[in-house]
Each structure stands twice: as C-alpha cells, then as structure tokens.
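Take a look at the structure set out below.
The values are calculated or read from the model by the stated rules, or taken from the named source; none is laboratory data. Since we're looking at a predicted model, the values are computed, not measured. We place every Cβ from the backbone using ideal geometry, glycine too, and count neighbours over all the protein chains shown.
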C-alpha cells in the first residue's frame, strides 16, 4: 500500500513526485508512455521558463525526470486501465496487475486535437503531423503548412521556417493567440506566409501530402496550396477518461478543480493540463504538481 500514486510523468506528475518525495511520502509514478517527461519532450525550444531561456524541451524533460529519480522515486512504465475507490484507499488496475494507494494524483496531460477533415487520417505519418519538432527534419528545403494560431502553432512555424523553403501559417481568425514576442518573430520571417481567416477543408495526395485545400471563412473562396507537409496545432483534448464517473468534468472534458487540485472525491487530486484553468504551460503544470501533492499530504495526515 503506497501513500500516493501519481499517474502521469509529465511536468505536473514529476513535480508532484519531487515534492512528495521531499515530504517523505511513500509514492510511485505510473507512466504509460515509453519515456517519461510529457509533452515538453516534443518542444524544440522552451524560452519562457524562468531562469532557463532557450532550453531544449527534450533536455528539460530529461532533467525533470533525472531530478526525481535521484530522490529514489519509482517510475513504472505501466498503462493504467481503471481507477477504483475502495473503502479508504484507491485500487489502480494496470496492464500488469493492480497497485494500491491511499491517495491519487491524476496528471495524464492532453493529446493533440484533430482537424477531422478528409485526408487527415489517410495521410497521417505521410505528410500529416502533430509535432513539428519531432518530424520537421523530414521537410528540410520543402514547403509546409501549420494550422492554428496558438503558442504551439507559432512556435512550430518558427521552427519550420529555419529548415523549410516556405511555411504557410493558416489561422481561421485575423490575429494570433501567441505572445507579442513570438508574434513579432514569426511575422518578420521572410519565408513564412500568414494565411488569415482561412480554414483547411481537405488534405490531398496519393501516397503522401501534395496539396492543402483551404477556404476563406469570410468570402468562402477556396484555394489549393502546394505543400509537402501539414502540421496540425489547434489545441489539445484532456486525457481524462480515467476520471470519468469518479469526479466532475466540465463541458470540454477537463476535471473541475482549483489550484489545490482537490476534486469532489476525497483523496483524489488532479494536476497539469487536465485541470480547469486559463493557462496551460510548463510552469503552471509544475505549480499544479506542487500544490496537489501538498494538499494530498495534508489529507493523508488527517487520515493517519
């Protein structure tokens, strides 16, 4: 029986593990992915984490993991299938049996949102991607398109501009949702073309991506762009399947919880991108992990 089971080894889960270990909790971390670290591993450059400007996302994720492991925290590569509330503890059913804990912190993060247009699934991995820093090297000297207007979309466009002949940044509105510094940077890149007020309708190609059909949302005029790759950056969907039926979710599927991560189920906490909040960044995930484990430790002390 563990004091605490942390599900997810991204910045939120690892931060919770760090603070939990320093508090003397008997805990373990469960991570379904092959490599711990979360979405930060797929980020080319992190320039907004205080004190560490220009950090490589993969290296940062590895440092997070190393820091936690140096404290003796157990990170198990297990896929969680179900969380059950027992009398005074939780039973976590995994791909290789069950583990039990007096409290749980769910920090499973989010997955990329899909366009849901013709050609997306058919050409996935053959020109359609969701991580420019992972797959951008395949398009060196070629033409790519990035769909979206968020931080991720702008960062992807900037990264691709450094290796591609041309990058289309396609957004359904006439202004971006990234910070002023990033916006100025992308707009000053000569090989990035802003395609305002447009949405993608279809990704075309025989064996790989060849064209992208877009439509102006105001005029309804359609155009075909010749591209070799399409990177989708239109947000994420929270991975909260394990929380369904246990705690309250909002309309978008995020777990309803405040800064402490406390939910309506005693002993069950959430941290990171799956929680209802305005800003989802590495720094807020790390803060969530610290807050959630602090609340969990207080709960465990009362139950002792």
Open item on the list: Checking the conditions here, which among 201, 169, 189, 176 is over 22 Å from the mean Cα position of the chain (by Cα), farther than 20 Å from residue 57 by Cα and free of Cβ contacts under 8 Å to residues at least 60 places away in the same chain?
Closed with: 189
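For residue 29, are the conditions met, namely being more than 30 Å from residue 214 (Cβ to Cβ), surrounded by fewer than 23 Cβ atoms within 10 Å (Cβ to Cβ), modelled with pLDDT of 95 or more and more than 15 Å from the chain's Cα centre (by Cα)?
Numbers: more than 30 Å from residue 214 (Cβ to Cβ): yes; surrounded by fewer than 23 Cβ atoms within 10 Å (Cβ to Cβ): no; modelled with pLDDT of 95 or more: yes; more than 15 Å from the chain's Cα centre (by Cα): yes.
No, not satisfied.
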Open item on the list: Tell me yes or no: at least one residue of the range 102-125 is assigned by TED's automatic domain parsing to the domain that holds residue 25, surrounded by 19 or more Cβ atoms within 10 Å (Cβ to Cβ) and either over 28 Å from residue 273 (Cβ atoms) or more than 23 Å from the chain's Cα centre (by Cα) (or both).
Closed with: yes
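From 88, 82, which residue is not assigned by TED's automatic domain parsing to the domain that holds residue 162 and not in a strand (DSSP E or B)? Even if it seems obvious, please write down each step before you answer.
Numbers: 82 fails: not in a strand (DSSP E or B).
Going through 88, 82 in turn, just one is not assigned by TED's automatic domain parsing to the domain that holds residue 162 and not in a strand (DSSP E or B): 88.
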TODO: Could you tell me whether any residue of the range 134-148 is touching a helix residue (DSSP H, G or I) at 6+ places or on another chain (Cβ under 7 Å), over 15 Å from residue 195 (Cα atoms) and surrounded by fewer than 18 Cβ atoms within 10 Å (Cβ to Cβ)?
DONE: yes
Open item on the list: Let me confirm something: among 209, 154, 186, 230, which residue is in contact with a strand residue (DSSP E or B) (Cβ under 8 Å, 6 or more places away or on another chain) and assigned to a strand (DSSP E or B)?
Closed with: 230
Task: Filter result (exposed (fewer than 15 other Cβ atoms within 10 Å of the Cβ) and within 29 Å of residue 179 (Cβ to Cβ)) within the range 251-276 - done: 251, 252, 256, 258, 259
Task: Residues that are more than 18 Å from the chain's Cα centre (by Cα) and assigned to a strand (DSSP E or B), drawn from the range 53-79 - done: 74, 75, 76
